[in-house]
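A.B. asks: Before I ask anything, let me first share the structure, which is written out below as structure tokens.
The values are calculated or read from the model by the stated rules, or taken from the named source; none is laboratory data. What you see is a predicted model; the values in this text were computed from it and never measured. Cβ: placed from backbone, ideal geometry, glycine included. Neighbour counts: every protein chain shown.
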Amino acid sequence: MIPVSARASTIEYAIRDVVVPATKLESEGHEIIKLNIGDPIAYPGLPTPQHMVEAYREGLASGNNGYSPSYGLAKLRDAIAADECSKGWDCTSDDVYVCHGVTEALQIIFAATLEEGTKVLAPGPHYPPYMAYPQMYGATTIEYALKSDDGWAIDLDDIESKMDSDVRLLVLINPNNPTGNVAGSEEIDKLLEIARKWPNCMIVADEIYDGLDFSGRQVSVASRSTDVPVFSLNGVSKVYYAPGWRIGYLAIHDPSNVMLDVRDGIERLLRSRLCASTPAQLGYLSGLVEDRSWMDEYTSKVMARRNLCLERIASIDGLEVEDPGGAFYMFVRLTDENWAANDKEFVLKLLHEEHVLVVHGSGFSPDMGSGHIRIVFLADEATLNTAFDRIEAFLLRNRLAKK
């Protein structure tokens with residue numbers, strides 16, 4: 001047997017790993033209610049806006065199918081820079097690098113900044129690639145705590161205690177995936193104050209959900225920093241409802257000019273992988289420069305579905321949740337003693353018995369996510385009610401069976 005590399009054999013991606021048994025059930029004729037993956041256009045009433053689709057289609061029809069510049073189309077970089085400027089910092093098109101989604105942007109950042117013995121400090125729980133990818137470069141991901149009984153707020157004392165000279169990247173996902181927590185300016189300023197003590201530390205500000213802020217607290221990290229270097233990450237997937245286009249970006253905020261070598265490394269890596277999809281970039285450009293009033297209707301739908309889920313969870317014995325301030329996830333605590341320490345078993349049994357698919361919290365952090373499940377609350381109201389009816393029945397049935 002030819003051996004697999006250690007780096008590949010240990011990678012897990014809980015969000016998609018649970019799809020494997022669900023697909024098997026579907027092949028047997030079962031219909032699954034899928035509340036596991038953050039793909040907004042998989043749910044009714046939230047299609048990619050038509051003007052963006054038309055711009056993508058026009059790109060194809062007019063022959064814009066060739067390679068684009070490695071850092072992205074000039075017009076798109078200009079539009080992204082203008083959008084970032086509107087968030088309160090001086091971003092130029094030269095600071096913007098277009099990637100195959102935020103996930104590739106992360107891989108590029110990790111490759112350019114990490115090496116053997118370095119560290120990434122990321123929130124726990126967090127989006128799985130923050131744990132999976134750094135190890136490929138000899139680095140280690142250290143989790144800092146989010147306060148599970150305080151709206152998943154950042155535990156700044158925990159960050160302070162874990163910072164050292166080997167930490168290259170301090171990650172803030174804002175709004176957070178999977179908890180929905182939103183960090184405001186006060187928390188961000190304190191985070192920057194901590195990072196300021198370590199001159200080799202850069203902030204990774206994953207702001208892909210910034211337009212889905214229900215709290216009014218979300219602000220750009222770069223807009224708050226006068227000296228600490230920041231990578232701002234964003235893209236078309238969530239707020240513009242086009243995840244399959246795989247267009248994201250990293251924007252470098254380097255107010256003290258300490259990232260010249262890092263920027264050079266990033267540009268070398270981007271050139272070596274050619275470019276992001278040209279017609280998809282044109283679709284994203286349309287989203288940025290044309291009217292955005294459609295977002296109000298979409299946000300109203302998302303809010304209504306969020307509120308329904310909060311009401312249903314509050315009425316079900318065995319579930320609790322901290323109100324999410326942003327994104328479209330709920331990180332639900334399993335309070336039933338049968339499941340509090342067995343979140344993955346809960347997910348698999350719920351799938352097989354009730355055909356409802358969610359994600360186990362331990363898949364987002366074995367320690368800090370354990371005892372939770374993540375629910376995507378984008379399905380229509382009827383589907384969400386059916387899902388919660390089944391979850392409630394599942395909890396009750398298994399509780400009675402234990403007696």
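A.B. asks: Taking segment 174-199 as the region of interest, how many residues are more than 18 Å from the chain's Cα centre (by Cα) and assigned to a loop (DSSP other than H, G, I, E, B)?
C.D. replies: 4
A.B. asks: Quick one: in segment 130-164, of everything that is in contact (Cβ under 8 Å) with a residue 60 or more places away in the chain and in contact with a helix residue (DSSP H, G or I) (Cβ under 7 Å, 6 or more places away or on another chain), which residue is surrounded by the most Cβ atoms within 10 Å (Cβ to Cβ)?
C.D. replies: Within segment 130-164, the match that is surrounded by the most Cβ atoms within 10 Å (Cβ to Cβ) is 145.
A.B. asks: Something else: Cβ-Cβ distance below 7 Å, separation of 6 or more or different chains: which pairs start in segment 170-185 with a residue that is without any contact (Cβ under 8 Å) to a residue 40 or more places away in the chain and end on one that is surrounded by 24 or more Cβ atoms within 10 Å (Cβ to Cβ) and part of a loop (DSSP other than H, G, I, E, B)?
C.D. replies: Between residues of segment 170-185 that are without any contact (Cβ under 8 Å) to a residue 40 or more places away in the chain and residues that are surrounded by 24 or more Cβ atoms within 10 Å (Cβ to Cβ) and part of a loop (DSSP other than H, G, I, E, B), the close pairs are 183/174.
A.B. asks: Moving on to the next point. Taking the condition of being of a type outside the set (D, E, K, R) and under 18 Å from the mean Cα position of the chain (by Cα), how many residues in segment 200-209 meet it?
C.D. replies: 5
A.B. asks: Among 274, 334, 348, 308, which is of a type outside the set (Asp, Glu), farther than 30 Å from residue 224 by Cα and assigned by TED's automatic domain parsing to the domain that holds residue 182?
C.D. replies: None of the other options fit; the residue is 274.
A.B. asks: Another question about this same structure. Assuming residue 279 fulfils every condition listed in (1) at pLDDT below 95; (2) crowded, with 16+ Cβ neighbours inside 10 Å; (3) within 17 Å of residue 373 (Cα to Cα) apart from one, which condition is it?
C.D. replies: (3)
A.B. asks: Tell me whether segment 117-129 contains one or more residues that are more than 24 Å from the chain's Cα centre (by Cα) and closer than 30 Å to residue 364 by Cα.
C.D. replies: Yes, segment 117-129 contains a residue that is more than 24 Å from the chain's Cα centre (by Cα) and closer than 30 Å to residue 364 by Cα.
A.B. asks: Looking only at segment 91-135, how many residues end up being part of a strand (DSSP E or B) and within 27 Å of residue 148 (Cβ to Cβ)?
C.D. replies: Counting residues in segment 91-135 that are part of a strand (DSSP E or B) and within 27 Å of residue 148 (Cβ to Cβ) gives 6.
A.B. asks: Also, quick follow-up: Mind checking which strands (runs of 3 or more DSSP E) fall wholly inside segment 299-403 and carry at least 2 residues that are β-branched (Val, Ile, Thr) and within 26 Å of residue 20 (Cα to Cα)?
C.D. replies: Passing ranges, in order: 372-376.
To keep it simple, each residue is scored yes or no on (1) modelled with pLDDT of 95 or more; (2) out of contact with any Asp or Glu (no Cβ under 7 Å at 6 or more places or on another chain); (3) assigned by TED's automatic domain parsing to the domain that holds residue 154; (4) farther than 22 Å from residue 68 by Cβ.
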| position | (1), (2), (3), (4) |
| --- | --- |
| 223 | yes, yes, yes, yes |
| 229 | yes, no, yes, yes |
| 235 | yes, yes, yes, no |
| 264 | yes, yes, yes, no |
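A.B. asks: Of all residues in segment 22-42, how many are touching a residue at least 40 places away in the same chain (Cβ under 8 Å) and over 14 Å from residue 240 (Cα atoms)?
C.D. replies: So the count comes out to 10.
A.B. asks: Looking at segment 244-290 only, could you name the residues that are closer than 18 Å to residue 109 by Cβ, of a type in the set (Gly, Ala, Ser) and under 23 Å from the mean Cα position of the chain (by Cα)?
C.D. replies: 248, 251, 276
A.B. asks: Looking only at segment 27-54, how many residues end up being exposed (fewer than 15 other Cβ atoms within 10 Å of the Cβ) and either hydroxyl-bearing (Ser, Thr, Tyr) or over 30 Å from residue 288 (Cα atoms) (or both)?
C.D. replies: Result for segment 27-54: 5.
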